[in-house]
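The structure appears below as structure tokens.
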Amino acid sequence: MRTRIGILGAGPAGLFLALLLRRAGIDSVVLESRDRAAVEGTIRAGVLEHWVTELMRELGLGERLDREGHVHDGITLQSHRRRFHLDIAGLTDGRHVTVYPQHEVLRDLIGALLARGGEIRFGISGARLHGIDGESPFITYREAGAERESRLDCDFIVGADGYHGPSRQAIPASLRQEAHRLYPFAWLGILVHARQSWPELIYASQGEGFALLSTRTPEIQRLYLQCDPAEDLTQWPEARIWDQLRARLATDDGWTLDEGEIFQKGIIPLRSFVCAPMQHGRLFLAGDAAHIVPPTGAKGLNLAVADALVLSRALEAEARAGDSGRLQRYSETCLRRVWKAQRFSWFMTRLLHRDPAETLFDAQVREAELALIRDTRAAAVSLAENYVGLPFDAEA
Ligand code: RFL
Ligand code: PHB
């Protein structure tokens, strides 16, 4: 089989890219190891930056988003049993974020791509990248249930296969620089059948640490709490989860948390990671394959879309006018945004979590930082602009 762009991975990065290329009349094939139901059913991110929702509408993906997505003009921050509202729209000329789950975005993308004649091979295995240093790269893999290997020849390969995928390793280790940070805490995330307890997301830092109250639908809520990364779910019976959530979200004004049946739970490690460069020869990495942020800033999915947009523009310039300048600058262009998102995600994580080794001094500085955001316009604007999504560089 032959195509212009071979894309490994049908996550947000790979699918946004494939749809953007389709709009530009550039053929691609997406190879995905999981089946379609698994891709469309995995619970992950929830918050879309303002420009991502605009891009979705521009791509004809606005209908369900506008019907089922929840627009949030602000977020609530909490510590010492007191809450304050950060007026994101007021601080950013009317921009907002939308809570619309990642798996719904993926359902919309897959539906649109297939309806427009795009090609996705689900359930493939054993993908290997070849010839990225030369003119004729290709991917070998096995179709679901097939005995013989298949081969996808292409002009360029895009590694959009997430943090654990094989693409990044195809860049020689001697040419790859990897920056890591691990955190001494993880998140326990649950999905609950309950009504919304508060009109916006609450980021709380109280008692034994961080808690986040988010939503999915009017009947389903998403909550997270900081836990020890060495713990597993057996150490978190439901009573302990609710005790901790109640304690970390408690206020003095009579507010109560709407509780309900927990129907999904998991523990998520927190890490920061950047691989540079994000390209080598005819291979381009996009999304989590090249960078991971801790979820506190809600940036991971949005960064994956940003990479896809930059790469689609670069591939279009190359296809239309033979101009490969943007492709050559792809990594440099993306990494400028990536590092700003890394800084913000690290800042939010440090601000809101209790490090087990935290001293009284560290705790007081965190408290002062929160007070600064509450009381100072400059600090509030900085948080709001980063949370809602930074503008793109002109050249991107
Ligand atoms: P993905 O989504 O991991 O997709 C990669 C795809 O590649 C496939 N794959 C392979 N296919 C073929 N052959 C192989 N060898 C393959 N190996 C892997 C995988 O099956 C998969 O389908 O990466 P992508 O596209 O870069 O997208 C990244 C985002 O998914 C991720 O950054 C976000 O989910 C992070 N994140 C959040 N981001 C936000 O912007 N806002 C949020 O509110 C937010 N909340 C979150 C999050 C991530 C979380 N978890 C679970 C890590 C909340 C959580 C709890
Ligand atoms: C979510 O709703 O899953 C969510 C919201 C905000 C975050 C991370 C995750 O920062």
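Evaluate the stretch 167-181: report whether one residue or more is within 20 Å of E261 (Cβ to Cβ) and of a type outside the set (S, T, Y). No - not one qualifying residue is present in the stretch 167-181.
Exactly one residue among E49, E32, E58 is charged (D, E, K, R) and surrounded by fewer than 20 Cβ atoms within 10 Å (Cβ to Cβ), and that residue is E58. Checked against the criterion of being within 15 Å of ligand 2 (Cβ to nearest atom) and in contact (Cβ under 8 Å) with a residue 40 or more places away in the chain, the stretch 167-182 has no qualifying residue. One residue alone among L309, L301 is out of contact with any His (no Cβ under 9 Å at 6 or more places or on another chain), at pLDDT 95 or above, among the hydrophobic types (A, V, I, L, M, F, W, C) and buried (at least 23 other Cβ atoms within 10 Å of the Cβ), and that residue is L301. The number of residues in the stretch 290-303 that are part of a helix (DSSP H, G or I) and either more than 6 Å from ligand 1 (Cβ to nearest atom) or touching a Leu at 6+ places or on another chain (Cβ under 8 Å) (or both) comes to 6. Mind listing whichever residues of the stretch 115-129 are in a strand (DSSP E or B) and more than 13 Å from F156 (Cβ to Cβ)? Once the filter is applied, which keeps residues that are in a strand (DSSP E or B) and more than 13 Å from F156 (Cβ to Cβ), the stretch 115-129 yields E119, I120, R121, S125, G126, A127, R128. Taken together, the residues in the stretch 1-47 that are near ligand 1 (Cβ under 7 Å from one of its atoms) and at pLDDT 95 or above amount to 13. Only one of the numbered conditions (1) away from ligand 1 (no atom under 15 Å from the Cβ); (2) buried (at least 23 other Cβ atoms within 10 Å of the Cβ); (3) at positive phi is violated by L315, and that is (3). Restricted to helices (runs of 4 or more DSSP H) entirely inside the stretch 312-396, those with at least 1 residues that are more than 16 Å from ligand 2 (Cβ to nearest atom) and aromatic (F, W, Y) are 330-352, 360-375. Enumerate the pairs (first residue in the stretch 11-22 and closer than 13 Å to A319 by Cβ; second residue anywhere and polar (S, T, N, Q) and more than 9 Å from ligand 1 (Cβ to nearest atom)) with beta-carbon separation below 9 Å, excluding pairs fewer than 6 apart on the same chain, so at least 6 apart or on different chains. Listed pairs, sorted by first residue: L20/S312; L21/S28; L21/S312; R22/S28. Restricted to the stretch 318-333, and to residues there that are surrounded by fewer than 16 Cβ atoms within 10 Å (Cβ to Cβ) and closer than 23 Å to P12 by Cβ, the residue that is farthest from the chain's Cα centre (by Cα) is R329. Being under 30 Å from G25 (Cβ atoms) and either crowded, with 18+ Cβ neighbours inside 10 Å or aliphatic (A, V, I, L, M) (or both) is true of I110. In this structure, I43 does satisfy being over 21 Å from N386 (Cα atoms), β-branched (V, I, T), within 14 Å of ligand 2 (Cβ to nearest atom) and not in a strand (DSSP E or B). Pairs meeting the criteria (first residue in the stretch 119-130 and closer than 22 Å to L20 by Cβ, second residue of a type in the set (K, R) and more than 16 Å from ligand 2 (Cβ to nearest atom), beta carbons under 6 Å, at least 6 apart or on different chains) are F122/R36. F122 meets all of the listed conditions (1) aromatic (F, W, Y); (2) within 27 Å of R142 (Cβ to Cβ); (3) within 16 Å of ligand 2 (Cβ to nearest atom) but one, namely (3). The set of residues from the stretch 51-82 being within 16 Å of ligand 2 (Cβ to nearest atom) and either in contact with a strand residue (DSSP E or B) (Cβ under 6 Å, 6 or more places away or on another chain) or farther than 17 Å from E104 by Cα (or both) comprises T53, G69, H70, V71, H72, D73, G74, I75, T76, L77, Q78.
The values are calculated or read from the model by the stated rules, or taken from the named source; none is laboratory data. As the structure is a computational prediction, the values presented were derived from the model and not from experiment. As a convention, Cβ positions derive from the backbone with ideal geometry for all residues, glycine included, and neighbour counts pool all protein chains shown.
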